[in-house]
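Trainee: Just dropping this structure here.
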Amino acid sequence: MIFNRKPIFLLILLGLTVCLFPSCFPKGKFLFVFNRTSVKNPPKDTFVFANEIHITPGIVSKDEQNRLESALSGYWDDSVRAREVQQFGVFYRIKNAQHFDTFALDRSSLFMRSYLQSQGYYDATLRDTFRIDTFRFGTKDQQFRAIPIMYINPGKRLILDSIAYNFLDTARPRPSDTVLQQLALQTADQTLLRKGDPYSKQIIGAELDRLVNWYRQNGFYRLTREQIAAYVDTTDQLIDSLTIDPFELVRRIAEAAERRRQHPTADIDILQSRQVKDIPLDTIATKQYRIGNVYYYPQTSDTANVDSLLKRNMFTVRGRNDVYMKYPGDRPIVNFNPLINHTYITKGELYNERLFFKTVNAFGQMGPWKQIELRDSLKGDTVDFHVFMMPYTKLNLRFSVDLTRSTGDFVSSNNLFGLGGNATLTHRNLFKNAIQSAFTGRAGVELNLDRKQKLLQTVQGGLGLTFAFQNMFVTSVERQKKYDAARALVAFNANYTERKDFYRLRSLTANAGNEWVRGSLVQAIRFPNVEFYSLDVLPLLDAAFLSNPFLKTAFNTGNVLSVIYTRTQSRQSRLKPNKSFNLRMGAEYAGFGISQNTYYQYLKGEIEFIHKSQRQKSMSVYRAFIGAGYNLSNDPVTGKTLPFFKQFVAGGPNSMRAWGLRQLGLGSSLLSETAKDFRDRFGDLQIEVNWEKRFQIIDAGSAKFSSAIFVDAGNLWNIKNDTANPLGTFKFNKLYDDLAIAMGVGLLRVNVANFIFRVDFALKLKDPARRQYDGWLSPSKFTWKNENDRNNYAFQIGIGLPF
């Protein structure tokens, strides 16, 4: 039996780390034996030690029960709240323990009932109680620990039955009432309040915010939430029908009460606040305004008092199309065209807040300016805007460092350590046209820490030059208004990669394209994308071709002429704000009828979906990824697969973390697994799913320490069949056999000012290269290495989160 005793502590560390998570055991207990909550300087009388909330099971769903218990824990009165501080992610310490006051339980009930009503639970019943535990540790004084308890039956949740807009004030009518009503009806199909949805004050508030935003896009510059309100009616309309029979009326009231108990509903009326409150008319807030003049101050000093600048007449003024630029001296730092081209509001049009802030954001994203301040001036029914712009210095130089480590053991072979650096020189205002240019230099090395092998494994270097133009291909003003931002990108790159004794790859690429942003949706297209490659095959790769001939189809020389499309979008759940998702898609087509033995012909696409669920002290993250590429030719020069620099790889700190970088796949093939030297794997198809539970352990102010448990599953394959490597080709009926599964723990994750350093440890639960037990790791016959002398585990060091 192959057994490595050196890392035996790792299995113990993994078990302890997983068991130390707060979710493993009930709060206050550790390993069901030791109490993990201590009290600093406990008082001699009865004090609050813990709080408990119990919601009657079966009334609401399990997720809703967990949500309510978590939210209600913040509504205990301060005098009966256990003031716990988490230490080392496991233990809790109570500081400044509170004297137990039974009268505070009534206040807690009041606070919790108010919250439940805000969530639509108007018939909730609450019962408070407490228990006193006695505790003595050694020779210390006996402690009397009070644990306030709240038993809650939330009852049925209020359901929305009807939603109506009624801005017509018949008592004090004004012309603007009709406009408000018409605008509300125009977007009624976009309402956040839907019949059958559960009642929530947060959702109603969000609907009022949506309406205010819509009104402010239609001239109502000064209208705020104070001017509109929601009227909630929970009465049964059948009671209001006329009847003179008192017995019939009693019967209807009883039936209405039963209906309300079984199926409570609410009717929502959205109207003006003055229709339900005795407040005076606000003629300014309910007045429509039109755009006046727009004044830009493009070189405002950081220390300037912008209000005093409004009164000064010492500026040079240039104007065009009712847009004016004011600057000191004779020469401005920017030409007029960028200001004109990115002003999306037009004099005489109704004020539109979306277009106004689109204008402001465009200048903020453009590059020359680091801060924007706004002032307005009302003149009758028009509003003038003054935009003060504080510029950056034109040139900026910044550096960054990347660090990765992919290893099977801290002390054994196959330790790959990656170190890279970037230097970027940015010009923020090229040719005074707000064009951004970035010149980047990149360098990196990959080292093997095994003394039996060469230290230097890979050398990389590159230069890049990028230009960003705002709205280069979006010339129509109306088209520009549809997007929150649009810019064109032109990029040139030259790169060199040498894998010692295996290959040298030189590349020169150039592409142009456009990027559009609308809300959380970002789309980009690059055409043409031209890539020229030169590959030198060195002796060790030639030797690898003999043992694995299929590699030769990927390592060849060719060029690329392609079009690339990418799309990313992020969203937050409307009903569950703690849940969000991100969807990324990309596609590339190379072909266009050019000579096959010179240019690659392929189609490639990938989709990545990430779902996050945030809880009070933890986050669950789910990720699914699929990428596939298909070589459209069978040319002997450009091969049957994608070129290796376009193929997918698995393993490393951000993928299948129980495998080293490029050390998983293909399928259940052993060709690369048993190779003596070149073990890197590249595939035309990758499928991967990941789950990760992230926990915060210690919050030390500027530094936050956290951990995680995770599961990774997936693999790499080729799509076209190869008789020399049939086990590396994807076949649906072999998906289970080829699937690799890993489980691991984040040993250390440190976040300092959003710079995250992490160390992960993972075990190969199922390895397609393991021929015994259908690839599964056997607990009874566990070994640290498999039959091919490859580690059954890996350490990963990375910067940032894996996904």
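Trainee: Taking N as the number of residues in segment 276-364, what is its Cα Rg relative to 2.2 N^0.38 Å?
Mentor: 1.36
Trainee: Nothing charged except the Cβ atoms of Lys and Arg (+1) and of Asp and Glu (-1): what's the magnitude of the dipole of segment 736-777 about its Cα centre? Round to the nearest 20 debye.
Mentor: Dipole about the Cα centre, nearest 20: 180 debye.
Trainee: Given 0.36 nm per residue, what is the gain on full extension from TYR736 to THR568 after removing their alpha carbon distance, in nm?
Mentor: Full extension from TYR736 to THR568 adds 57.4 nm.
Trainee: Quick one: plug the Kirkwood hydrodynamic radius of segment 736-803 (C-alpha pairs) into Stokes-Einstein at 37 °C, 0.692 mPa s, and report D in µm²/s.
Mentor: My calculation gives 244 µm²/s for D.
Trainee: Related question: Can you list the lysines whose alpha carbon is less than 20 Å from that of LYS358, not counting same-chain residues fewer than 8 positions off?
Mentor: Output for LYS358: LYS347, LYS370, LYS481, LYS482.
Trainee: Turning to a different aspect of this structure: Have a look at VAL711, PHE695, THR723 and report the one farthest towards the positive end of the charge dipole of segment 673-725, computed about the Cα centre with Cβ charges (Lys/Arg +1, Asp/Glu -1).
Mentor: Result: PHE695, furthest along the dipole toward the positive end.
Trainee: Would you mind computing, in nm to one decimal, how far apart the modelled labels at SER620 and ASN361 are, each placed 7 Å from Cα along Cα→Cβ?
Mentor: So the label points at SER620 and ASN361 sit 3.2 nm apart.
Trainee: If R₀ is 60 angstrom, what is the calculated FRET efficiency for the pair ARG312 and PHE782, using the beta carbon separation as r and rounding to 0.05?
Mentor: Working: r = 79 Å, r/R0 = 1.31.
For ARG312 and PHE782, the calculated efficiency is 0.15.
Trainee: Just in segment 684-790: which trypsin sites (Lys or Arg not before Pro) are loop by DSSP and have at most 12 other Cβ atoms within 10 Å?
Mentor: Answer by residue number: LYS781.
Trainee: Show the residues, 5+ positions off or on another chain, whose built amide H is closer than 5 Å to the amide H of ILE799.
Mentor: The answer is LEU403.
Trainee: Using a Cα-Cα cut-off of under 16 Å, which lysines could be cross-linked to LYS731, ignoring same-chain neighbours fewer than 8 residues away?
Mentor: Partners found: LYS720.
Trainee: What whole-number distance in Å separates the alpha-carbon centres of segment 294-310 and segment 519-585?
Mentor: 46 Å
Trainee: Placing +1 on the Cβ of each Lys and Arg and -1 on the Cβ of each Asp and Glu in segment 259-308, which of TYR289, ILE268, SER308 has its Cα farthest towards the positive end of the resulting dipole?
Mentor: ILE268
Trainee: What does the net charge come to around ILE697 if you take all other residues with beta carbon closer than 12 Å to its beta carbon, with K and R at +1 and D and E at -1?
Mentor: +3
Trainee: Applying 1/(1 + (r/R0)^6) with R0 = 60 Å to the Cβ-Cβ distance of ARG131 and SER534, what FRET efficiency is obtained, to the nearest 0.05?
Mentor: 0.20
Trainee: Dividing the Cα radius of gyration by the Kirkwood radius, what Rg/Rh value follows for segment 607-678?
Mentor: That ratio is 1.11, to two decimals.
Trainee: Can you list the aspartates and glutamates whose alpha carbon is less than 12 Å from that of LYS766, not counting same-chain residues fewer than 8 positions off?
Mentor: ASP712, ASP737, ASP738, ASP774
Trainee: Follow-up question, since we're still on this one. Would you work out which of GLY196, ALA164, PRO175 lies farthest towards the positive end of the dipole of segment 148-206? Charges go on Cβ: Lys and Arg +1, Asp and Glu -1.
Mentor: Farthest towards the positive pole: GLY196.
Bear in mind that the values in this text are calculations on the coordinates, not laboratory data. All values reported here derive from a predicted model rather than from experimental measurement. Ideal geometry is used to build each Cβ from the backbone, glycine not excepted, and the neighbour counts take in all protein chains shown.
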